[in-house]
Amino acid sequence: MRNWINIPRVEGRASRQAHADLPDGTFEHEIGREGFFGPAAHIHHAHAPTGWVRFEGPIRPRAFDTTKFDAVPAGPWSAEALVGNRRCAVRFWRIDAPMDHLARNADGDELLFIHDGAGHLFCDFGHMTYAEGDYILLPRGTMWRLVPEAPTRVLMIEATDSAYKLPDKGIVGPHAIFDPAILAVPVIDEAFDDQRSETETRVAVKRFGEVSTMVFPYNPLDAVGWHGDLAPVKVNWRDIRPLMSHRYHLPPSAHTTFVGERFVVCTFVPRPIESDPGALKVPFFHSNVDYDEFIFYHRGSFFSRDNIHPGMISLHPAGFAHGPHPKAFAIGQKAARKETDEVAVMIDTRDPLEVQAGAASVEWTGYVDSWRTQPAATNEAAE
């Protein structure tokens, strides 16, 4: 049996609680272990923890702009590779026309987040529609294809060699954040019957990162029924009812939507901003020293960031302090905003994320300098 060394104490000029009633003229910096679930210290600094004037070395905060991608890949396994590690792979996929084949991921569960577009998904289990803001969780081994009704952009998050589960919601109960009853599953309906055919069909199967193709003399999406408790599910960010407090700024872990092996997927949705005079009103500076943080900005005005627009990504490696930009922090100090309107997908990974070629091709190299009081004037992706 092992236990963390527990020595709670207060030293010097400090608040008695996290994220509230900070000493005048100070910046709170949380140093935490095991995401936001382990022991932590809150250090009150005279200067912002992100007040660097330059950053040297290969490991640094980075940002990428998916709106710069022009290619339309032939299928999901040709999508732009963004970041990954041994437990998680993230891609960005643009699809404008119906897939001419089926896909199957034998490496792990696949989570699709629909950034733009609308259309239909057909799979072993039947048919479901999709729209902007949907999460679609496809269990490992599911055969599927998309038929867009409008050009579609998708953030793909693979749980490599594992499965997605729902988080333990503890004292707030299983119906908090979203009730599992809201989850939609595919149905065998008229649209599914209409796609049946005796036409030769290819199935692109990805295993160990390699793609093999099975060819059938018919469309293998030919189910007439099914039963069980394993199936694709769909939930939209608009179905999420976030935990919140008017007196305390909750950590990102309160917004966990799905849990993979050694990583979590969180969803930030619009909510009221803390109203208590002593409460911190922007995300706190923190060094989440065990996890890398990846955020995909979906829509809205991102109240903790400057020079970020929908379709962009930020990546903060473990061990480096990050938090609100200077302008955002100043606005938070004035309590000028009463609610947020941002929607973003965050992936926190226990293992380091390696930046892939697709992301590197659309990097905004000036991001690391954007915490300066006078940030870089431009926000351009690399040519």
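Rule-based calculations on the coordinates, nothing more; no lab input. From a predicted model like this one, the values you see are computed outputs, not experimental measurements. Heads up, the Cβs are rebuilt from the backbone with ideal geometry, glycines too, and the neighbour counts pull from every protein chain shown.
Things to note:
- Over all projection directions, the Cα-based convex hull of region 72-237 averages an area of 10.0 nm².
- Inter-label distance for Ala357 and Thr26, nm, one decimal - labels placed 7 Å from Cα along Cα-to-Cβ: 5.0
- Amide H partners (placed H, <5 Å) of Val83, local residues excluded: Val90, Gln356
- A Cβ-based charge dipole, computed about the Cα centre of the chain with Lys and Arg at +1 and Asp and Glu at -1, lands at about 1320 debye.
- Label-to-label distance, nm, for residues given as His227 and Val289 (7 Å Cα→Cβ offset): 5.4
- Sum of side-chain charges, Thr256 neighbourhood, beta-carbon under 10 Å (Lys, Arg +1; Asp, Glu -1): -1
- Sparse-neighbourhood loop sites, chymotrypsin sites (Phe, Trp or Tyr not before Pro) in region 204-274 - DSSP loop, at most 12 other Cβ within 10 angstrom: Phe208, Tyr218
- Each other residue within a Cβ distance under 11 Å of Ser212 adds +1 if Lys or Arg and -1 if Asp or Glu, for a net charge of +3.
- Cα-based reach from Lys338 at 16 Å (exclusive), listing aspartates and glutamates while leaving out same-chain residues under 8 positions away: Glu274, Asp276
- Residues listed by number, region 26-53, amide nitrogen under 16 Å from Glu11 label point at 7 Å toward C-beta: 29-32, 40-46
- Extension gain (nm, one decimal) between Thr365 and Asp100, 0.36 nm per residue minus Cα-Cα: 91.7 nm
- Taking amide H positions as modeled 1.01 Å from N, with prolines and chain starts lacking one, no residue 5 or more places away or on another chain lies under 5 Å from Glu274.
- Modelled FRET efficiency - R0 22 Å, Ile182 with Lys68, Cβ distances, 0.05 increments: 0.05
- For region 83-162, the set of trypsin sites (Lys or Arg not before Pro) satisfying both a DSSP loop assignment and a count of at most 13 other C-beta atoms within 10 Å is given as Arg86.
- With the largest listed first and rounded to whole Å, the semi-axes of the equivalent ellipsoid of region 231-320 from the Cα gyration tensor are 21, 18, 15.
- Ranked by how many other beta carbons lie within 10 Å on average, peptides 7-20, 172-185, 111-124 from highest: 111-124, 172-185, 7-20
- Remark: region 108-115, residue by residue, has Karplus-estimated 3J(HN,Hα) of x, 4, 10, 10, 9, 10, 7, 6 Hz, where x stands for each Gly or Pro and the curve is 6.51 cos²θ - 1.76 cosθ + 1.60 at θ = phi - 60°.
- What the Cα atoms of region 209-251 give is an Rg and a Dmax of 21.0, 62 Å.
- A dipole drawn for region 72-237 from +1 and -1 charges on Cβ atoms has a positive end, and of Met99, Thr213, Trp144 the residue lying farthest that way is Thr213.
- Three semi-axes of the equivalent ellipsoid, region 182-294, Cα gyration tensor, whole Å, largest first: 44, 20, 11
- The Stokes-Einstein estimate for region 104-163, based on a Kirkwood radius over Cα pairs and taken at 4 °C with 1.567 mPa s viscosity, is a diffusion coefficient of 112 µm²/s.
- Within the shell defined by Cβ-Cβ distances under 10 Å, the residues around Gly133 carry a net charge of -2, with Lys and Arg each +1 and Asp and Glu each -1.
- Across the chain, C-alpha contacts under 8 Å between residues 6 or more apart give a mean separation that, scaled by the residue count, equals a relative contact order of 21 percent.
- Rh (Kirkwood; distinct C-alpha pairs) - the chain, Å: 22.2
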